[in-house]
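Structure first, commentary second.
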Amino acid sequence: MADTFLDSTELVLNMGPQHPSTHGVLRVIVKLDGERVIGTECVIGYLHRGVEKIGENRTYQQFAPYVDRMDYVASVSNGLGYCLAVEKLIGVEVPPRAQAVRVILTELNRIASHLVWLGTHALDVGALTPLFYTFREREDILNIYEKYCGARLTTHAFRIGGLQYELYEGFEDEVRAVCDTILPKIDEYEQLLTGNRIWVGRLKGVGILTAEECKQYGVTGPMLRAAGVKWDLRKAQPYSGYEQYDFEIPVGQNGDTFDRYIVRLEEMRQSVRIIRQAVDRIPDGPIMGKVPKVIKPPVGEVYVSIEAPKGELGYYIVSDGSTQPYRVRVRPPSFVNLQALDKMARGALVADLVAIIGTIDIVLGEVDR
Amino acid sequence: MNFFLLSAIKMAMVMGVLMLTLLYLQWAERKVVAHIQVRLGPYRVGPHGLLQPIADTLKLLLKEDLTPPGVNKGLYVFAPFLAITLSLISIVVIPFGPAIEVAGVQTWMQLTDLNVGVVFVLAISSLAVYGIVLAGWASNSKYPLLGSLRSAAQMISYELPLGLTIAAPLLMANTLSLREIVLSQSHYYWGWIPAWNVLHGPLPQVIAFVVFMIAAFAETNRIPFDLPEAETELVAGFHTEYSSMKFAGFFMAEYANMFTVCSMATVLFLGGWLPPWPAEKGSVFFPSVMFAAAGLIALRHGLYRARPRDRRSFQVIAMVSFGLAALFLIPAFAQFFSPLFWFGLKTGLLLFTFIWVRGTLPRFRYDQLMRFAWSFLFPVAAVNLMATALLVAIFG
């Protein structure tokens with residue numbers, strides 16, 4: 001490199017897979033000039049479990065729990081995407097009651113996922129305390145999941161064609177209570193962080209990704225919206241009845257780490273708005289559509305994508321007419337967004353690199369699958 | 001009495017109290033941060049985790065002492081010893097209280113009063129960077145190297161504002177001896193307001209005090225300036241490759257440094273062991289009132305305890321507090337311990353600030369840290385020093 005300082009030698013630093021802030025088992029090989037990053041290379045695959053291959057050897061229903069293990073902090077969203085894909089493949093209509101419950105649980109999941117992101121991101125930037133606050137609030141959401149389906153993390157909350165479980169007594173009140181507590185808490189995080197000059201100084205202008213670059217890399221989700229692109233699959237191609245709900249798509253301007261932080265906080269508020277509307281008018285009726293005991297879709301293929309907390313989560317399923325998919329391909333948002341790491345990190349400092357890894361909001365289970 | 005014997009006794013006492021303070025400072029930090037973070041903190045080892053520091057020390061003593069391959073053996077072993085020695089040595093000149101008389105022997109509550117005490121502390125704290133730099137270099141590993149590079153730049157940068165802010169009260173006290181600096185703050189304005197250097201004319205050193213504290217955070221590598229050991233960036237920074245008692249050495253050095261800078265702030269700006277208002281106007285009763293109030297609070301928690309494990313602990317704490325309150329009413333006891341109480345209270349409050357900030361703020365970035373030191377702290381400290389010098393020349 002010609003632009004190194006005083007012809008100093010470059011330092012190649014291996015961050016991860018055992019490193020406190022690589023969010024699991026990401027390995028980043030960083031080339032440093034002093035503290036300045038002149039190049040990165042991601043090594044992934046330490047959490048590879050062959051999820052897509054497993055899909056080829058299971059029936060459609062059997063594979064549903066596996067998708068929860070990809071993005072394990074947003075397992076409900078994963079499940080929703082898969083169920084929608086299979087439902088489209090076999091042409092099943094999901095009853096409105098099931099759709100409303102799906103929306104409530106998925107949006108709760110979005111809040112939970114963003115809370116995990118906020119806590120860990122703040123920890124990466126050096127603020128130790130928000131992690132404990134966000135996990136306290138996340139607990140309320142996980143308790144609802146536990147009461148509803150018995151599991152907290154890998155929930156398998158939805159079934160192909162609708163829901164397996166009817167809502168428990170008092171579900172609506174608990175969801176409303178969570179909505180009421182979370183809004184002031186989000187303001188509290190903002191007080192702790194947004195007004196803090198060190199926090200703003202660490203995030204503003206760091207890891208800028210313009211709208212054009214986002215499109216080139218295929219970056220979706222909050223990262224794309226922070227760059228100013230008003231693109232949200234819930235609005236662009238509504239699924240599961242999202243068209244009935246009134247909500248905004250928060251966008252940023254600069255596409256830097258600070259904007260992504262603001263966008264995600266605002267998304268949590270919008271999720272609360274959706275949940276409140278949905279919980280007030282859960283329709284009566286059946287919770288399961290007409291799904292055959294043995295799912296044998298016609299020969300064909302389907303691609304269904306949803307707006308997961310981290311971006312566009314897509315399922316591409318090819319059916320050969322048997323009870324097992326011929327191919328299941330997952331388009332995970334974390335994996336695609338992670339590609340932009342090198343673009344964002346070049347020229348930044350080591351401390352910025354950590355903030356940038358945090359702002360992508362990766363879950364390695366989803367990157368490696 | 002024999003000078004050496006007296007010194008040895010004093011040394012043993014200071015060392016004993018200091019080591020205990022350092023151990024429990026760590027406990028206090030864990031407790032305070034835990035409560036900020038809606039946790040309980042240490043709770044299992046002894047009542048309220050009070051035996052946790054001892055358990056930790058034992059654990060560290062018994063751990064295998066690893067020496068990674070490829071290290072520079074001599075420096076690797078030397079660095080933690082250097083760090084701990086240098087951080088403890090400045091305690092020597094810090095005055096904890098006034099002259100006392102025990103069994104006919106008159107002495108000061110201070111190990112030694114160097115007439116260049118302030119300069120001595122500055123010199124020693126400048127050397128402290130060697131412990132960290134050598135550790136980073138000798139470890140032959142990349143994270144420690146980056147950590148030690150950061151700390152070298154950081155500590156040298158923050159030494160300057162620190163020195164400049166110390167110079168301002170020196171101008172007002174017109175001495176370099178820490179004992180005399182305290183004594184120069186011993187009168188009261190209008191009988192009430194203490195003439196501590198933060199409030200003392202001709203120029204109250206509030207700015208210097210704040211800048212001193214900020215620089216002290218950087219000198220001790222605490223959040224928001226904990227870049228040398230930034231956990232989420234550099235794993236553990238300069239002590240990544242250290243284990244067992246060598247790690248404990250660095251750990252203890254950090255806490256000893258915190259204690260030293262807080263004591264220095266107390267002595268230089270907050271009037272050392274002097275009470276905030278005159279003894280004859282009731283400050284002698286303050287310790288009793290405070291301990292009694294603490295006792296009452298503890299008693300209330302004891303009566304309406306939240307957890308089964310607190311069956312007896314709060315009652316015991318309440319009794320101890322009431323006992324201390326009663327002891328401070330005995331004049332002979334109060335005369336001896338009041339100065340220590342005030343010194344401890346002021347230093348303790350400053351230490352609490354250190355812990356509080358750790359629970360609140362994120363970390364600076366390397367370039368921001370440098371810019372902050374050179375383009376903000378340094379000019380502010382320099383202007384403050386010049387203003388003080390001018391005012392002292394006119395009015396002093």
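The values are calculated or read from the model by the stated rules, or taken from the named source; none is laboratory data. Worth saying up front: this structure is predicted, and the values here are computed from it rather than measured. Here the Cβ is made from the backbone with ideal geometry for all residues, glycine too, and neighbour counts use every protein chain on show.
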| Considering only residues of the range A:16-34 that are within 21 Å of B:ASP367 (Cα to Cα) and at pLDDT 80 or above, which is nearest to the other protein chains (Cβ to nearest Cβ)? | A:LEU32
| Of the numbered conditions (1) in the same structural domain as B:ALA293 (by TED's automatic domain parsing); (2) closer than 30 Å to A:ILE198 by Cβ, B:ARG307 satisfies every one except a single condition; which is it? | (2)
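Among the listed residues B:PHE285, B:PHE251, which satisfies the condition of being buried (at least 19 other Cβ atoms within 10 Å of the Cβ), in a helix (DSSP H, G or I) and more than 14 Å from chain A (Cβ to nearest Cβ)?
Working: B:PHE285 fails: buried (at least 19 other Cβ atoms within 10 Å of the Cβ).
Only one candidate qualifies: B:PHE251.
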| Considering B:PHE217, B:PHE238, which residue is buried (at least 18 other Cβ atoms within 10 Å of the Cβ) and away from chain A (no Cβ under 14 Å)? | B:PHE238
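Restricting attention to helices (runs of 4 or more DSSP H) lying wholly within the range B:88-185, give those where 3 or more residues are touching a helix residue (DSSP H, G or I) at 6+ places or on another chain (Cβ under 9 Å) and within 14 Å of chain A (Cβ to nearest Cβ). I'd like the intermediate steps shown before the answer.
On the way: elements: B:117-138, B:142-173, B:178-183.
Hits in the range B:88-185: B:142-173.
Conditions tested, residue by residue: (1) modelled with pLDDT under 85; (2) surrounded by fewer than 18 Cβ atoms within 10 Å (Cβ to Cβ); (3) part of a loop (DSSP other than H, G, I, E, B).
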residue: A:LEU6; (1), (2), (3): yes, yes, no
residue: A:ILE54; (1), (2), (3): no, yes, no
residue: A:TYR82; (1), (2), (3): no, no, no
residue: A:VAL86; (1), (2), (3): no, no, no
residue: A:LEU89; (1), (2), (3): no, no, no
| said: Quick check on the range B:358-374. Is at least one of its residues of a type in the set (Ser, Thr, Tyr) and more than 7 Å from chain A (Cβ to nearest Cβ)? | reply: no
| request: Given the conditions (1) within 11 Å of chain B (Cβ to nearest Cβ); (2) in contact with a helix residue (DSSP H, G or I) (Cβ under 6 Å, 6 or more places away or on another chain); (3) not in a helix (DSSP H, G or I), report the number of the one that A:HIS156 does not fulfil. | output: (1)
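I'd like the full set of residues that are at positive phi and buried (at least 21 other Cβ atoms within 10 Å of the Cβ), limited to the range A:152-173.
First, the residues of the range A:152-173 that are at positive phi: A:156, A:161-162, A:170.
Answer for the range A:152-173, where residues must be at positive phi and buried (at least 21 other Cβ atoms within 10 Å of the Cβ): A:GLY161, A:GLY162.
Just to be sure, is B:ALA83 closer than 22 Å to B:MET252 by Cα, over 19 Å from the mean Cα position of the chain (by Cα) and buried (at least 16 other Cβ atoms within 10 Å of the Cβ)? Give the derivation first.
Values: closer than 22 Å to B:MET252 by Cα: yes; over 19 Å from the mean Cα position of the chain (by Cα): no; buried (at least 16 other Cβ atoms within 10 Å of the Cβ): yes.
No.
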| task | Starting from the range B:90-116, keep only residues that are without any contact (Cβ under 8 Å) to a residue 60 or more places away in the chain, then list their pairs with residues that are of a type outside the set (S, T, N, Q) and outside any helix (DSSP H, G or I) whose Cβ atoms are within a distance under 9 Å, requiring at least 6 positions of separation or different chains. | result | B:VAL92/B:LEU111; B:VAL92/B:LEU114; B:ALA99/B:TRP108; B:ALA99/B:MET109; B:ALA103/B:MET1; B:GLY104/B:MET1; B:GLN106/B:ALA99; B:GLN106/B:ILE100
| field | helices (runs of 4 or more DSSP H) completely within the range A:204-251 that count 1 or more residues being more than 15 Å from A:MET344 (Cα to Cα) and touching a residue at least 12 places away in the same chain (Cβ under 8 Å) | value | A:222-226, A:233-236
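Here are some residues: A:VAL291, A:VAL299. Which one is surrounded by fewer than 22 Cβ atoms within 10 Å (Cβ to Cβ), under 30 Å from A:TYR326 (Cβ atoms), without any contact (Cβ under 8 Å) to a residue 40 or more places away in the chain and of a type outside the set (Ser, Thr, Tyr)?
On the way: A:VAL291 fails: without any contact (Cβ under 8 Å) to a residue 40 or more places away in the chain.
The unique qualifying residue is A:VAL299.
Can you confirm whether A:ILE282 is of a type in the set (Val, Ile, Thr) and either modelled with pLDDT under 90 or not in a helix (DSSP H, G or I) (or both)? Please lay out each step first, then the result.
Numbers: of a type in the set (Val, Ile, Thr): yes; either modelled with pLDDT under 90 or not in a helix (DSSP H, G or I) (or both): yes.
The answer is yes for A:ILE282.
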